[in-house]
Amino acid sequence: MRDKWNGRMTQAAVATKVTMLICCLALLTTPGYCQSLTGRWAATSRTMDNGEVLKAILNLTQTGGDLNGRITELGFGTDVLGTTANGHFELFGVGWGVKTPFIVGDLKNGELRWEQWGDAWLAKPATPADEFPKQPYIVPPPLHKMVSNGLAKTPPMGWNCWNLLQGKVDDQAVRSMADALVSSGMRDAGYVYVNIDDTWQGVRDAQGKLQANHKFPDMKALADYLHSKGLKVGIYSSSGPRTCGGYPASYGHEAQDAKQFADWGIDYLKDDWCSAGMIYKNEQLLPVYQKMADALQATGRPIVFAISEYGMSSVEKWGAQAGGNLWHTTGPISDSWESMIGNIEKQVPTAPYAGPGHWNDPDMLEIGYGHMTDDEYRTQMSLWSLAAAPLLAGNDIRTMTEATKAILLNKEVIAIDQDPLGKQASPVKSGDLETWTKPLADGGVVVGVVNFGSAPAQATVKASNLQLGGKEKKARDLWAHKDVQFADGAYTATVPSHGVLLLRVSVK
């Protein structure tokens, strides 16, 4: 029996090899069809704005049509999963929860070529010379009690360049956007921070001092220009050696960079976790961020400190202890209903930790990009204000439609976000309707009812559910800009699909 079984296995193995040989001979015109992607690949992409070449190491294992491995770049690393067929491959970040691949490419003639976030990459089998230099480990300082910097008593408001410009941001774009913030009335409505995100960095000199690259020839002159307009300036770095985009970051240079930012006149720092995660463990987030907060305070300049670690370690519980004024509680947002709602729903358990000087941040406003309806954009503006979230626009202020301006410049809604009590609303869901209620400093409340359904719905707000300190005196629809009346202790209105009813209710 054993000999017969071995004989059958041998015949099956031979048949398989013959089939594979026929397959390869028949498909020689399809390079890479019968090659494996298993291996360690050294990849290069474009030259960055500081003259360095963007590099990566992609370590892959192919099992049939399945792929797994890890990609490590200058600024970040992530485990990947994917598929391959006929030499074509697609890779997804593990744990990202994203349904589209971020790497799409092909194996041809022993080389990998792929597209990643708009960049073209070429990879060849890696050699020891291709490996990244190992970073020396710097032990985080001991934890200590932080003294508040006294900033961000209400959620910061302004504009961030990343979603619109990404790596194309430069001095002229920032100046023109600042001009538009003034001429549009956004500055006077409270949008005062102009935040320069990644890709501004140059290289460090022999003394370790980091300067801006050619896109920002004089950062201090730019800051002076924005200050002359009644605006404030934000900048970006990371707690690791490199930013997410691969540019030099603040690891080991915290005090030096903080002084440089202060000398330039910077008012706000967004500090990312990219590449720091390749050195530190998540339980070291608090002391690592505390180190930068100390460095900022030591400059003597008031600089708002924004922590960006994507909410992966319950940052709302320790962000203030790390010296943060605000912190991302979610991953990046995109201009879709699903992404926007997904981010705001993650805010629900963070509510007890919001307050003057320390805010939960579900990421930027998508209003004005054009992939959601105006009803959906009104819903985002309402929910961010109910959640006492920072209001950081990201659209092109220079070319706003009147509808976009009306949403972003609704001062009655902005007042909800900027209410000095600083309480974050909590929701209650009933069918397709979700009701958020937020107490206000004047003793009143604001209530928002969101319609998740695909058709208009009737929403009824009962005064008895609002936990008012007395009988309702006045109610105002903040999007219709009109007073409305409660009848027998209730108010009913029609809410459009994915729209919102937003009422401010005061008491006698």
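Just to check I understand the Karplus step: with θ = phi - 60° and J = 6.51 cos²θ - 1.76 cosθ + 1.60, what whole-Hz values come out for region 207-221, glycine and proline as x?
Those phi angles translate into 8, x, 7, 9, 10, 6, 8, 4, 6, 10, x, 8, 5, 5, 5 Hz.
What is the extension gain from residue 182 to residue 482, computed as 0.36 nm multiplied by their sequence separation minus the C-alpha to C-alpha distance, in nm to one decimal?
Details: separation 300, 0.36 × 300 = 108.00 nm, distance 2.75 nm.
That pair, residue 182 and residue 482, stretches by 105.3 nm at full extension.
Could you pull out every residue, at least 5 positions away or on a different chain, whose amide H is within less than 5 Å of the one on residue 426? Hs are placed 1.01 Å off N in the peptide plane, and Pro or chain starts have none.
437
State the antiparallel share, in %, of DSSP beta bridges confined to the chain, rounding to the nearest 5.
80 percent
Quick query: amide H of residue 80 versus all other amide H atoms, modeled in the peptide plane; which residues come in under 5 Å with a sequence gap of 5 or more or a different chain?
Under 5 Å from the amide H of residue 80 lie the amide H atoms of 69, 70, 71, 94, each far enough along the sequence or on another chain.
Using helices alone, I'd like the mean residue ellipticity at 222 nm for the chain: each DSSP H run of four-plus residues gives -39500 (n - 2.57), total over residue count, nearest 500.
Numbers: 11 runs with 117 residues, N = 508.
Roughly -7000 deg cm²/dmol at 222 nm, from the helical runs in the chain.
For region 446-455, just list the computed ³J(HN,Hα) in residue order, Karplus coefficients 6.51, -1.76 and 1.60, θ = phi - 60°, integers in Hz, with x standing in for Gly and Pro.
Listing the rounded values in order: 10, 10, x, 10, 9, 9, 7, x, 8, 9 Hz.
Counting other beta carbons within 10 Å of each residue's own, what order do 132, 486, 261 fall into, fewest first?
132, 486, 261
With r as the distance between the Cβ atoms of residue 70 and residue 284 and R0 = 22 Å, compute the FRET efficiency 1/(1 + (r/R0)^6) and round to 0.05.
According to the calculation, E is roughly 0.60.
How would you rank 232-239, 100-107, 155-162, highest first, on the average number of other Cβ atoms within 10 Å across their residues?
Listed from highest to lowest mean packing, they are 232-239, 155-162, 100-107.
How much length is gained if the chain between residue 53 and residue 371 is pulled fully straight, taking 0.36 nm per residue apart and subtracting their Cα-Cα distance, in nm to one decimal? Don't skip to the answer; put the middle values down first.
Working: separation 318, 0.36 × 318 = 114.48 nm, distance 3.36 nm.
Full extension of this stretch gives 111.1 nm more.
Filter 168/259; 270/411; 232/346; 229/429 down to the pairs with a C-alpha to C-alpha distance above 32 Å, please.
Those over the limit are 229/429.
Summing +1 for each Lys or Arg and -1 for each Asp or Glu, what net charge is found among the other residues whose Cβ lies under 11 Å from the Cβ of residue 278?
Value of the local net charge: +3.
Which peptide among 242-251, 207-216, 497-506 comes first, and what is the full order, when sorted by highest mean count of other Cβ atoms within 10 Å?
242-251, 497-506, 207-216
Give me the aspartates and glutamates in straight-line cross-link reach of residue 281: C-alpha distance below 19 Å, same-chain residues under 8 apart excluded.
By straight Cα distance, residue 281 reaches 73, 79, 254, 271, 272, 309, 316.
What does the highest-first list of 476-482, 220-226 look like by mean Cβ count within 10 Å?
The packing order, highest mean first, is 220-226, 476-482.
Rounded to whole Å, give me the distance from the Cα center of region 395-415 to that of region 468-508.
First find each Cα centre; the distance between them is then 22 Å.
Please state, as a whole number in µm²/s, the translational diffusion coefficient that the Stokes-Einstein equation yields for region 39-129 at 4 °C and 1.567 mPa s, with Rh defined as the Kirkwood radius across alpha carbon pairs.
Diffusion coefficient, whole number: 97 µm²/s.
State, to one decimal in nm, how far the label point of residue 299 lies from the label point of residue 40, with both points 7 Å from Cα in the Cβ direction.
Taking the two extended label points, one gets 3.9 nm.
Quick one: what Rg and Dmax do you get for the chain from the alpha carbons, in Å?
26.6, 95
I need the phi-derived Karplus couplings for region 275-282: 6.51 cos²θ - 1.76 cosθ + 1.60, θ = phi - 60°, integer Hz, Gly and Pro marked x.
Result, rounded to whole Hz: 6, 5, x, 8, 10, 9, 8, 4.
In whole angstrom, and with the biggest value first, how far do the Cα coordinates of region 370-508 range along each principal axis?
That gives 45, 35, 25 Å along the principal axes, largest extent first.
If you wrap region 157-424's Cα atoms in a convex hull and average its projection over all directions, what's the area in nm²? Walk me through the numbers on the way to the answer.
Numbers: hull surface 52.0 nm².
Mean orientational projected area (region 157-424, Cα hull): 13.0 nm².
What are the residues whose amide H is under 5 Å from the amide H of residue 238, where those residues sit 5 or more places off or on another chain and H is modelled from the backbone?
250, 272
Once the piece of chain linking residue 151 and residue 139 is laid out straight, how much longer is it, given 0.36 nm per residue of separation minus the C-alpha distance between them?
1.5 nm
Using a cut-off of 11 Å between beta-carbons, work out the net charge of the residues near residue 324 (Lys and Arg +1, Asp and Glu -1, residue 324 not included). Don't skip to the end; give the middle numbers.
Working: positive: 270; negative: 271, 309, 316, 361.
Combined, the nearby Lys, Arg, Asp and Glu give -3.
Just so you know, all these numbers are worked out from the coordinates, no wet-lab data involved. Being a predicted model, the structure only gives us computed values, none of them experimental. Virtual Cβ from ideal backbone geometry, glycine too; neighbours counted across all protein chains shown.
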